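The values are calculated or read from the model by the stated rules, or taken from the named source; none is laboratory data. Please read all numbers here as calculations on a predicted model, not as lab measurements. Glycine also receives a Cβ, built like all others from the backbone with ideal geometry; neighbour counts cover every protein chain displayed.
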Amino acid sequence: MKKIPVPLLLMFLLCGCAEKSGISIYLINDFNSALWDENGKIYSLLNEIKNDPSPKIVLETGDFFSPYYPENSDDKHLSAVKAAKLSGIDAVCASIDILKTERSDIASEADALILSSNAYLKNKKSFSPLRDVCGSSGKICAIAVHITDIQQPEKASYTKDYRIENPVYEINKAMRKLANKKVFKILFASMKGVEGKKDKKKLFPFLDKISPAPDLVIIKSEKTFSPFKCRNIWISSVFEQTAGRISITEIPVLKIKKAKAEPILLKTEKHSGEYPEIEKIRQEKFSRLSRVYSAAQRDFPAQADSGSSAASLMARVISSYIKSNGAFYSKSAVKKGFKKGEIRLRDIYEALPLQDRLIYCKIKGHDLGKMIMDSDISQLEYYPFKVNEKKEISLHGEPLKNEKIYRFLIPQSAAGKEFALLSYSMEFSVLEKTTLDAALWYFRTHKKVD
(Lines give C-alpha, C1' and ligand atoms only; values in the text may rest on other atoms or scores of the structure.)
Protein backbone atom coordinates (compact mmCIF):
# COMPACT_ATOMS: atom_id res chain seq x y z
CA MET A 1 0.00 0.00 0.00
CA LYS A 2 1.39 3.34 -1.02
CA LYS A 3 1.88 5.81 1.82
CA ILE A 4 0.60 9.34 1.40
CA PRO A 5 3.02 12.04 2.63
CA VAL A 6 1.79 13.82 5.78
CA PRO A 7 1.69 17.34 4.20
CA LEU A 8 -0.48 16.03 1.36
CA LEU A 9 -2.74 14.24 3.82
CA LEU A 10 -3.24 17.44 5.80
CA MET A 11 -4.01 19.38 2.64
CA PHE A 12 -6.54 16.73 1.66
CA LEU A 13 -8.24 17.00 5.04
CA LEU A 14 -8.30 20.79 4.99
CA CYS A 15 -9.53 21.18 1.44
CA GLY A 16 -11.59 18.07 0.90
CA CYS A 17 -13.26 15.87 3.42
CA ALA A 18 -12.97 18.28 6.36
CA GLU A 19 -16.07 20.41 6.05
CA LYS A 20 -15.88 23.84 7.58
CA SER A 21 -18.63 25.26 9.74
CA GLY A 22 -18.84 28.75 11.14
CA ILE A 23 -20.69 31.11 13.42
CA SER A 24 -20.87 34.89 13.57
CA ILE A 25 -20.75 37.05 16.68
CA TYR A 26 -21.97 40.58 15.98
CA LEU A 27 -20.74 43.21 18.44
CA ILE A 28 -22.54 46.55 18.29
CA ASN A 29 -20.48 49.21 20.04
CA ASP A 30 -22.95 52.08 19.61
CA PHE A 31 -26.46 50.99 18.72
CA ASN A 32 -27.86 54.47 19.43
CA SER A 33 -25.50 56.04 16.90
CA ALA A 34 -26.89 53.81 14.15
CA LEU A 35 -30.50 53.94 15.34
CA TRP A 36 -30.78 57.72 15.58
CA ASP A 37 -28.68 58.48 12.49
CA GLU A 38 -30.91 60.48 10.14
CA ASN A 39 -29.30 58.80 7.11
CA GLY A 40 -30.60 55.37 8.14
CA LYS A 41 -27.37 53.57 9.04
CA ILE A 42 -29.40 51.25 11.24
CA TYR A 43 -30.77 49.60 8.09
CA SER A 44 -27.29 49.03 6.71
CA LEU A 45 -26.44 47.21 9.95
CA LEU A 46 -29.65 45.14 10.01
CA ASN A 47 -29.23 44.08 6.37
CA GLU A 48 -25.63 43.05 7.05
CA ILE A 49 -26.78 40.78 9.87
CA LYS A 50 -29.82 39.44 7.98
CA ASN A 51 -27.77 38.46 4.91
CA ASP A 52 -25.32 36.37 6.96
CA PRO A 53 -26.50 32.72 6.68
CA SER A 54 -24.32 31.50 9.58
CA PRO A 55 -25.70 30.83 13.06
CA LYS A 56 -25.25 34.11 14.88
CA ILE A 57 -25.61 36.05 18.08
CA VAL A 58 -25.95 39.86 18.30
CA LEU A 59 -24.57 41.61 21.39
CA GLU A 60 -24.56 45.31 22.28
CA THR A 61 -21.19 45.97 23.95
CA GLY A 62 -21.09 49.77 24.15
CA ASP A 63 -22.64 52.26 26.56
CA PHE A 64 -26.21 51.52 25.48
CA PHE A 65 -27.73 53.77 28.16
CA SER A 66 -25.56 56.77 27.32
CA PRO A 67 -27.11 60.10 28.37
CA TYR A 68 -25.64 61.87 25.33
CA TYR A 69 -28.45 61.07 22.89
CA PRO A 70 -31.42 63.46 23.19
CA GLU A 71 -33.64 60.72 21.76
CA ASN A 72 -33.17 58.77 25.00
CA SER A 73 -33.68 61.68 27.39
CA ASP A 74 -37.46 61.81 27.68
CA ASP A 75 -38.44 58.11 27.89
CA LYS A 76 -35.58 56.52 29.87
CA HIS A 77 -34.25 54.76 26.75
CA LEU A 78 -37.55 52.94 26.22
CA SER A 79 -37.64 53.68 22.46
CA ALA A 80 -34.07 52.41 22.05
CA VAL A 81 -34.93 49.25 24.02
CA LYS A 82 -37.95 48.57 21.79
CA ALA A 83 -35.87 49.16 18.65
CA ALA A 84 -33.09 46.89 19.96
CA LYS A 85 -35.55 44.04 20.46
CA LEU A 86 -37.02 44.59 16.98
CA SER A 87 -33.47 44.62 15.57
CA GLY A 88 -32.74 41.16 16.91
CA ILE A 89 -30.24 42.16 19.57
CA ASP A 90 -29.91 39.17 21.91
CA ALA A 91 -28.45 41.07 24.86
CA VAL A 92 -26.96 44.35 26.07
CA CYS A 93 -23.75 43.35 27.89
CA ALA A 94 -23.42 45.26 31.15
CA SER A 95 -20.08 47.06 31.29
CA ILE A 96 -19.17 49.41 34.14
CA ASP A 97 -20.66 52.31 32.12
CA ILE A 98 -24.08 50.68 32.33
CA LEU A 99 -23.67 49.59 35.94
CA LYS A 100 -22.93 53.20 36.94
CA THR A 101 -26.06 54.52 35.22
CA GLU A 102 -28.80 55.53 37.64
CA ARG A 103 -31.47 52.84 37.72
CA SER A 104 -34.09 55.59 37.79
CA ASP A 105 -32.83 56.66 34.33
CA ILE A 106 -33.50 53.23 32.78
CA ALA A 107 -36.96 51.96 31.84
CA SER A 108 -37.92 48.71 33.57
CA GLU A 109 -38.50 47.13 30.14
CA ALA A 110 -34.71 47.12 29.68
CA ASP A 111 -34.17 44.54 32.43
CA ALA A 112 -34.94 41.61 30.12
CA LEU A 113 -32.28 42.85 27.69
CA ILE A 114 -29.39 43.55 30.08
CA LEU A 115 -26.94 40.66 30.48
CA SER A 116 -24.71 40.45 33.54
CA SER A 117 -23.86 37.29 35.44
CA ASN A 118 -22.35 38.99 38.50
CA ALA A 119 -24.41 42.18 38.95
CA TYR A 120 -27.24 42.11 41.47
CA LEU A 121 -29.76 44.88 41.98
CA LYS A 122 -29.52 46.33 45.47
CA ASN A 123 -32.58 47.02 47.59
CA LYS A 124 -33.46 46.92 51.26
CA LYS A 125 -35.01 43.44 51.13
CA SER A 126 -32.80 41.31 48.90
CA PHE A 127 -30.47 41.12 45.95
CA SER A 128 -32.16 40.48 42.62
CA PRO A 129 -29.93 39.01 39.88
CA LEU A 130 -29.91 40.37 36.37
CA ARG A 131 -30.13 38.00 33.40
CA ASP A 132 -27.10 35.69 33.56
CA VAL A 133 -27.15 33.67 30.31
CA CYS A 134 -28.47 34.45 26.85
CA GLY A 135 -28.69 32.08 23.92
CA SER A 136 -29.22 32.30 20.18
CA SER A 137 -30.20 29.65 17.60
CA GLY A 138 -29.56 26.89 20.13
CA LYS A 139 -25.88 26.89 19.11
CA ILE A 140 -24.41 29.96 20.80
CA CYS A 141 -24.66 31.18 24.39
CA ALA A 142 -23.16 34.20 26.12
CA ILE A 143 -22.60 35.39 29.65
CA ALA A 144 -21.26 38.77 30.80
CA VAL A 145 -19.35 39.97 33.85
CA HIS A 146 -17.63 43.07 35.15
CA ILE A 147 -14.19 42.47 36.68
CA THR A 148 -13.02 45.22 39.02
CA ASP A 149 -9.36 44.15 39.08
CA ILE A 150 -7.85 41.57 36.70
CA GLN A 151 -5.07 40.98 39.26
CA GLN A 152 -7.77 39.99 41.77
CA PRO A 153 -10.38 38.31 39.57
CA GLU A 154 -12.45 37.12 42.55
CA LYS A 155 -12.87 40.60 44.03
CA ALA A 156 -16.41 41.82 44.63
CA SER A 157 -17.37 45.51 44.44
CA TYR A 158 -20.41 47.72 44.17
CA THR A 159 -21.93 50.78 42.51
CA LYS A 160 -24.82 52.92 43.72
CA ASP A 161 -27.49 50.50 42.47
CA TYR A 162 -25.63 47.19 42.09
CA ARG A 163 -23.67 44.71 44.12
CA ILE A 164 -21.00 43.25 41.79
CA GLU A 165 -20.33 39.76 43.12
CA ASN A 166 -17.24 37.52 42.77
CA PRO A 167 -16.74 37.28 38.96
CA VAL A 168 -15.08 33.84 38.99
CA TYR A 169 -17.77 32.24 41.14
CA GLU A 170 -20.61 33.74 39.11
CA ILE A 171 -18.99 32.82 35.77
CA ASN A 172 -18.55 29.21 36.84
CA LYS A 173 -22.13 29.07 38.12
CA ALA A 174 -23.42 30.30 34.74
CA MET A 175 -21.01 28.07 32.81
CA ARG A 176 -22.24 24.97 34.63
CA LYS A 177 -25.67 25.62 33.14
CA LEU A 178 -24.07 25.17 29.72
CA ALA A 179 -21.78 22.24 30.60
CA ASN A 180 -23.90 19.50 28.98
CA LYS A 181 -25.03 21.57 26.02
CA LYS A 182 -23.27 21.48 22.68
CA VAL A 183 -23.07 25.24 22.32
CA PHE A 184 -20.36 27.78 21.53
CA LYS A 185 -19.74 29.56 24.83
CA ILE A 186 -18.94 33.29 24.86
CA LEU A 187 -17.77 35.23 27.90
CA PHE A 188 -17.98 39.04 27.74
CA ALA A 189 -15.74 40.66 30.35
CA SER A 190 -15.59 44.36 31.15
CA MET A 191 -12.21 45.10 32.76
CA LYS A 192 -9.20 47.39 32.72
CA GLY A 193 -5.55 46.70 31.98
CA VAL A 194 -5.71 44.31 28.99
CA GLU A 195 -4.46 45.82 25.73
CA GLY A 196 -3.79 42.73 23.63
CA LYS A 197 -1.50 39.73 23.29
CA LYS A 198 1.29 41.41 25.26
CA ASP A 199 -0.90 41.22 28.36
CA LYS A 200 -1.87 37.55 28.02
CA LYS A 201 0.02 36.59 31.19
CA LYS A 202 -2.32 38.87 33.16
CA LEU A 203 -5.17 36.62 32.04
CA PHE A 204 -3.61 33.32 33.21
CA PRO A 205 -4.80 33.44 36.87
CA PHE A 206 -8.30 34.41 35.75
CA LEU A 207 -8.72 31.89 32.93
CA ASP A 208 -7.25 29.03 35.01
CA LYS A 209 -10.11 29.44 37.49
CA ILE A 210 -12.91 29.23 34.91
CA SER A 211 -14.48 25.80 34.48
CA PRO A 212 -15.83 24.76 32.09
CA ALA A 213 -13.78 27.06 29.89
CA PRO A 214 -15.48 29.37 27.36
CA ASP A 215 -14.69 29.12 23.66
CA LEU A 216 -14.28 32.87 23.25
CA VAL A 217 -13.64 35.73 25.66
CA ILE A 218 -14.60 39.22 24.48
CA ILE A 219 -12.88 41.94 26.48
CA LYS A 220 -13.99 45.54 26.83
CA SER A 221 -10.97 47.48 28.06
CA GLU A 222 -9.18 50.75 27.39
CA LYS A 223 -7.91 49.69 23.94
CA THR A 224 -9.01 47.39 21.14
CA PHE A 225 -6.82 44.59 19.76
CA SER A 226 -6.73 41.68 17.29
CA PRO A 227 -7.81 38.19 18.39
CA PHE A 228 -5.20 35.93 20.01
CA LYS A 229 -5.17 32.63 21.85
CA CYS A 230 -4.55 32.26 25.56
CA ARG A 231 -4.84 28.96 27.43
CA ASN A 232 -6.34 27.54 24.22
CA ILE A 233 -9.17 30.10 24.39
CA TRP A 234 -9.71 32.77 21.76
CA ILE A 235 -9.49 36.31 23.17
CA SER A 236 -10.89 39.28 21.27
CA SER A 237 -11.87 42.85 22.03
CA VAL A 238 -14.89 44.97 21.27
CA PHE A 239 -14.70 47.31 18.29
CA GLU A 240 -13.93 51.03 18.14
CA GLN A 241 -16.34 51.36 15.23
CA THR A 242 -20.13 51.34 15.58
CA ALA A 243 -20.27 47.61 14.87
CA GLY A 244 -18.14 44.63 13.96
CA ARG A 245 -18.22 40.87 13.42
CA ILE A 246 -16.12 38.07 14.88
CA SER A 247 -16.24 35.05 12.57
CA ILE A 248 -15.42 31.67 14.05
CA THR A 249 -14.55 28.95 11.54
CA GLU A 250 -14.32 25.37 12.76
CA ILE A 251 -12.81 22.29 11.08
CA PRO A 252 -14.34 19.53 13.23
CA VAL A 253 -12.12 16.63 12.08
CA LEU A 254 -9.01 18.54 13.19
CA LYS A 255 -10.73 20.24 16.14
CA ILE A 256 -9.46 23.60 14.90
CA LYS A 257 -11.25 26.89 15.49
CA LYS A 258 -10.13 30.09 13.82
CA ALA A 259 -11.24 33.58 14.80
CA LYS A 260 -11.33 36.65 12.59
CA ALA A 261 -12.47 40.11 13.69
CA GLU A 262 -13.52 42.77 11.20
CA PRO A 263 -15.39 46.07 11.56
CA ILE A 264 -18.60 46.65 9.64
CA LEU A 265 -18.72 49.76 7.45
CA LEU A 266 -22.21 51.20 7.79
CA LYS A 267 -23.58 52.98 4.76
CA THR A 268 -26.25 55.58 4.26
CA GLU A 269 -29.40 53.65 3.48
CA LYS A 270 -32.98 54.76 2.94
CA HIS A 271 -35.80 52.91 4.64
CA SER A 272 -37.09 50.37 2.14
CA GLY A 273 -40.22 49.52 4.08
CA GLU A 274 -38.72 46.30 5.42
CA TYR A 275 -38.55 47.49 9.04
CA PRO A 276 -41.73 49.57 9.50
CA GLU A 277 -41.87 49.32 13.30
CA ILE A 278 -38.31 50.58 13.71
CA GLU A 279 -38.90 53.41 11.25
CA LYS A 280 -42.06 54.38 13.15
CA ILE A 281 -40.05 54.65 16.40
CA ARG A 282 -37.44 56.80 14.65
CA GLN A 283 -39.87 59.18 12.98
CA GLU A 284 -42.00 59.66 16.10
CA LYS A 285 -38.88 60.53 18.07
CA PHE A 286 -37.52 62.91 15.42
CA SER A 287 -40.91 64.64 15.26
CA ARG A 288 -41.11 65.04 19.04
CA LEU A 289 -37.59 66.47 19.34
CA SER A 290 -38.34 68.99 16.57
CA ARG A 291 -41.12 70.56 18.65
CA VAL A 292 -40.47 74.30 19.13
CA TYR A 293 -40.67 75.49 22.74
CA SER A 294 -39.43 79.08 22.53
CA ALA A 295 -37.31 81.52 20.53
CA ALA A 296 -33.96 83.04 21.54
CA GLN A 297 -33.68 86.70 20.60
CA ARG A 298 -29.87 86.44 20.62
CA ASP A 299 -27.13 83.85 21.01
CA PHE A 300 -26.49 82.30 24.43
CA PRO A 301 -23.07 80.64 23.98
CA ALA A 302 -21.89 77.83 26.25
CA GLN A 303 -18.85 79.92 27.16
CA ALA A 304 -19.16 83.69 27.18
CA ASP A 305 -18.73 86.78 29.37
CA SER A 306 -20.75 86.97 32.54
CA GLY A 307 -24.39 87.80 31.94
CA SER A 308 -24.54 86.68 28.31
CA SER A 309 -23.89 82.94 28.47
CA ALA A 310 -26.23 79.95 28.54
CA ALA A 311 -25.22 79.49 32.19
CA SER A 312 -26.46 82.99 33.08
CA LEU A 313 -29.73 82.19 31.30
CA MET A 314 -30.03 78.99 33.33
CA ALA A 315 -29.48 80.87 36.61
CA ARG A 316 -32.43 83.06 35.62
CA VAL A 317 -34.48 80.01 34.61
CA ILE A 318 -33.90 78.24 37.93
CA SER A 319 -34.65 81.36 39.96
CA SER A 320 -37.98 81.74 38.16
CA TYR A 321 -38.91 78.06 38.49
CA ILE A 322 -39.05 77.88 42.30
CA LYS A 323 -39.72 80.90 44.52
CA SER A 324 -36.40 82.09 45.91
CA ASN A 325 -34.14 85.13 46.25
CA GLY A 326 -31.91 83.91 43.44
CA ALA A 327 -29.88 81.12 41.89
CA PHE A 328 -26.33 80.10 41.01
CA TYR A 329 -25.31 77.97 38.03
CA SER A 330 -21.99 76.39 37.09
CA LYS A 331 -20.64 77.27 33.65
CA SER A 332 -19.17 73.79 33.26
CA ALA A 333 -22.62 72.19 33.49
CA VAL A 334 -23.67 73.61 30.10
CA LYS A 335 -23.00 71.08 27.35
CA LYS A 336 -24.08 73.31 24.48
CA GLY A 337 -25.33 76.87 24.10
CA PHE A 338 -28.52 78.22 22.48
CA LYS A 339 -28.34 79.96 19.10
CA LYS A 340 -30.54 82.85 18.09
CA GLY A 341 -33.81 81.53 16.71
CA GLU A 342 -36.06 78.61 17.55
CA ILE A 343 -35.38 76.62 20.71
CA ARG A 344 -36.52 73.06 20.06
CA LEU A 345 -36.88 70.22 22.53
CA ARG A 346 -33.72 68.69 21.02
CA ASP A 347 -31.78 71.90 21.77
CA ILE A 348 -32.81 71.79 25.43
CA TYR A 349 -31.78 68.15 25.85
CA GLU A 350 -28.47 68.76 24.09
CA ALA A 351 -27.65 71.77 26.29
CA LEU A 352 -28.28 70.38 29.78
CA PRO A 353 -27.34 67.31 31.83
CA LEU A 354 -30.11 64.77 32.28
CA GLN A 355 -30.07 64.38 36.07
CA ASP A 356 -28.82 67.62 37.65
CA ARG A 357 -31.09 67.96 40.66
CA LEU A 358 -31.80 71.30 42.31
CA ILE A 359 -30.72 72.10 45.86
CA TYR A 360 -32.74 74.59 47.94
CA CYS A 361 -30.53 76.48 50.41
CA LYS A 362 -31.00 78.95 53.29
CA ILE A 363 -28.14 81.24 54.25
CA LYS A 364 -27.63 84.47 56.22
CA GLY A 365 -26.48 87.57 54.39
CA HIS A 366 -23.02 87.77 55.98
CA ASP A 367 -22.39 84.07 55.24
CA LEU A 368 -23.47 84.56 51.64
CA GLY A 369 -20.61 87.05 51.27
CA LYS A 370 -18.13 84.58 52.77
CA MET A 371 -19.41 81.87 50.47
CA ILE A 372 -18.73 84.00 47.41
CA MET A 373 -15.23 84.85 48.69
CA ASP A 374 -14.40 81.14 49.05
CA SER A 375 -15.82 80.04 45.70
CA ASP A 376 -14.35 80.18 42.19
CA ILE A 377 -16.73 82.93 41.16
CA SER A 378 -15.30 83.01 37.62
CA GLN A 379 -16.93 79.62 37.01
CA LEU A 380 -20.34 80.65 38.37
CA GLU A 381 -23.26 82.59 36.99
CA TYR A 382 -25.84 84.08 39.35
CA TYR A 383 -29.20 85.83 39.19
CA PRO A 384 -30.39 88.35 40.28
CA PHE A 385 -27.41 88.79 42.61
CA LYS A 386 -24.69 91.20 41.51
CA VAL A 387 -21.05 90.72 42.50
CA ASN A 388 -18.56 93.56 42.01
CA GLU A 389 -14.76 93.36 41.63
CA LYS A 390 -14.36 93.26 45.42
CA LYS A 391 -16.74 90.27 45.53
CA GLU A 392 -19.33 92.41 47.32
CA ILE A 393 -22.87 91.18 46.73
CA SER A 394 -26.00 93.19 46.13
CA LEU A 395 -29.57 92.13 45.46
CA HIS A 396 -31.85 94.38 43.40
CA GLY A 397 -29.33 97.21 43.88
CA GLU A 398 -29.26 96.90 47.69
CA PRO A 399 -26.42 95.42 49.76
CA LEU A 400 -27.19 92.20 51.61
CA LYS A 401 -28.39 92.46 55.20
CA ASN A 402 -26.10 90.47 57.49
CA GLU A 403 -28.73 88.72 59.63
CA LYS A 404 -31.40 88.30 57.00
CA ILE A 405 -32.00 84.75 55.75
CA TYR A 406 -31.81 84.41 51.97
CA ARG A 407 -33.12 81.48 50.00
CA PHE A 408 -31.40 80.45 46.82
CA LEU A 409 -31.13 77.50 44.43
CA ILE A 410 -28.11 75.70 43.03
CA PRO A 411 -27.86 72.57 40.87
CA GLN A 412 -25.90 69.57 42.12
CA SER A 413 -23.29 70.28 39.44
CA ALA A 414 -22.38 73.47 41.38
CA ALA A 415 -22.19 71.71 44.74
CA GLY A 416 -18.71 70.27 44.23
CA LYS A 417 -15.66 70.96 46.34
CA GLU A 418 -14.47 73.71 43.98
CA PHE A 419 -17.43 75.78 45.15
CA ALA A 420 -18.29 76.56 48.79
CA LEU A 421 -21.99 76.98 48.12
CA LEU A 422 -23.21 74.44 50.68
CA SER A 423 -20.67 74.73 53.48
CA TYR A 424 -22.05 78.12 54.63
CA SER A 425 -25.72 77.20 54.32
CA MET A 426 -27.85 77.03 57.46
CA GLU A 427 -29.76 74.18 55.90
CA PHE A 428 -30.39 72.75 52.47
CA SER A 429 -32.48 70.06 50.82
CA VAL A 430 -32.01 68.18 47.56
CA LEU A 431 -35.17 68.40 45.49
CA GLU A 432 -36.62 65.86 43.08
CA LYS A 433 -36.79 68.56 40.39
CA THR A 434 -33.86 69.03 38.00
CA THR A 435 -32.41 71.84 35.91
CA LEU A 436 -33.94 70.08 32.91
CA ASP A 437 -37.40 70.27 34.51
CA ALA A 438 -36.85 73.98 35.12
CA ALA A 439 -35.75 74.61 31.53
CA LEU A 440 -38.68 72.71 30.01
CA TRP A 441 -41.14 74.70 32.15
CA TYR A 442 -39.44 78.04 31.44
CA PHE A 443 -39.25 77.66 27.66
CA ARG A 444 -42.84 76.42 27.48
CA THR A 445 -44.08 79.49 29.35
CA HIS A 446 -41.73 82.10 27.81
CA LYS A 447 -42.16 82.15 24.06
CA LYS A 448 -39.34 84.69 23.66
CA VAL A 449 -36.06 84.62 25.56
CA ASP A 450 -33.70 87.61 25.72
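Scanning for something farther than 18 Å from ALA304 by Cβ and in contact (Cβ under 8 Å) with a residue 60 or more places away in the chain, does region 393-401 turn up at least one residue? Checked region 393-401: at least one residue is farther than 18 Å from ALA304 by Cβ and in contact (Cβ under 8 Å) with a residue 60 or more places away in the chain. Residues in region 80-112 that are more than 17 Å from LEU45 (Cβ to Cβ) and not hydrophobic (A, V, I, L, M, F, W, C): SER95, ASP97, LYS100, THR101, GLU102, ARG103, SER104, ASP105, SER108, GLU109, ASP111.
The condition of being at pLDDT below 90, touching a strand residue (DSSP E or B) at 6+ places or on another chain (Cβ under 9 Å), in a helix (DSSP H, G or I) and aliphatic (A, V, I, L, M) holds for only one of LEU13, LEU8, that being LEU13.
Condition test on SER324, is it buried (at least 21 other Cβ atoms within 10 Å of the Cβ), touching a residue at least 24 places away in the same chain (Cβ under 8 Å) and of a type outside the set (A, V, I, L, M, F, W, C)? Judged against the criteria, SER324 is not a match.
For region 175-203, give me each residue that is in a helix (DSSP H, G or I), surrounded by fewer than 20 Cβ atoms within 10 Å (Cβ to Cβ) and in contact with a strand residue (DSSP E or B) (Cβ under 8 Å, 6 or more places away or on another chain).
LYS197, LYS200 - these are the residues of region 175-203 that are in a helix (DSSP H, G or I), surrounded by fewer than 20 Cβ atoms within 10 Å (Cβ to Cβ) and in contact with a strand residue (DSSP E or B) (Cβ under 8 Å, 6 or more places away or on another chain).
Among the residues of this structure, GLU71 counts as one that is touching a Lys or Arg at 6+ places or on another chain (Cβ under 6 Å), among the acidic types (Asp, Glu), within 29 Å of LYS267 (Cβ to Cβ) and at pLDDT below 95. Within region 157-170, residues that are closer than 10 Å to SER117 by Cα sit with their Cβ atoms under 7 Å from residues that are hydroxyl-bearing (Ser, Thr, Tyr) and in a loop (DSSP other than H, G, I, E, B), at 6+ positions apart or across chains, in these pairs: ILE164/THR148; GLU170/SER117. In region 204-273, counting only strands (runs of 3 or more DSSP E) that sit wholly within it, the ones holding 2 or more residues that are among the β-branched types (Val, Ile, Thr) span 216-220, 233-237, 243-251.
One line per residue, one yes/no per condition, for (1) surrounded by fewer than 22 Cβ atoms within 10 Å (Cβ to Cβ); (2) touching a Cys at 6+ places or on another chain (Cβ under 9 Å); (3) part of a strand (DSSP E or B):
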residue	(1), (2), (3)
VAL317	no, no, no
SER320	yes, no, no
TYR329	no, no, yes
ARG346	yes, no, no
CYS361	no, no, yes
GLY369	yes, no, no
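Only a single item in (1) in the same structural domain as GLU71 (by TED's automatic domain parsing); (2) more than 30 Å from ALA189 (Cα to Cα) is not met by ALA295, and it is number (1).
Considering region 88-109, and only residues there that are of a type in the set (S, T, N, Q) and either in contact with a Leu (Cβ under 6 Å, 6 or more places away or on another chain) or part of a helix (DSSP H, G or I) (or both), the residue that is surrounded by the most Cβ atoms within 10 Å (Cβ to Cβ) turns out to be SER108.
Filtered by the rule that a residue be outside any helix (DSSP H, G or I) and either in contact with a strand residue (DSSP E or B) (Cβ under 8 Å, 6 or more places away or on another chain) or aliphatic (A, V, I, L, M) (or both), region 31-64 gives ASP52, SER54, PRO55, LYS56, ILE57, VAL58, LEU59, GLU60, THR61, GLY62, PHE64.
Checked against (1) within 28 Å of the chain's Cα centre (by Cα); (2) modelled with pLDDT under 90, ALA310 passes all but a single condition, namely (2).
Tell me, yes or no, whether region 420-427 has at least one residue that is modelled with pLDDT under 85, of a type in the set (Asp, Glu) and not in a helix (DSSP H, G or I). Within region 420-427, none of the residues are modelled with pLDDT under 85, of a type in the set (Asp, Glu) and not in a helix (DSSP H, G or I). Closer than 27 Å to VAL58 by Cβ, in contact with a helix residue (DSSP H, G or I) (Cβ under 8 Å, 6 or more places away or on another chain), free of Cβ contacts under 8 Å to residues at least 40 places away in the same chain and surrounded by 14 or more Cβ atoms within 10 Å (Cβ to Cβ), is that true of ALA213? For ALA213, the condition - closer than 27 Å to VAL58 by Cβ, in contact with a helix residue (DSSP H, G or I) (Cβ under 8 Å, 6 or more places away or on another chain), free of Cβ contacts under 8 Å to residues at least 40 places away in the same chain and surrounded by 14 or more Cβ atoms within 10 Å (Cβ to Cβ) - is met. Consider region 131-170 and keep the residues that are assigned to a loop (DSSP other than H, G, I, E, B) and under 19 Å from the mean Cα position of the chain (by Cα). The one that is modelled with the highest pLDDT is ILE147.
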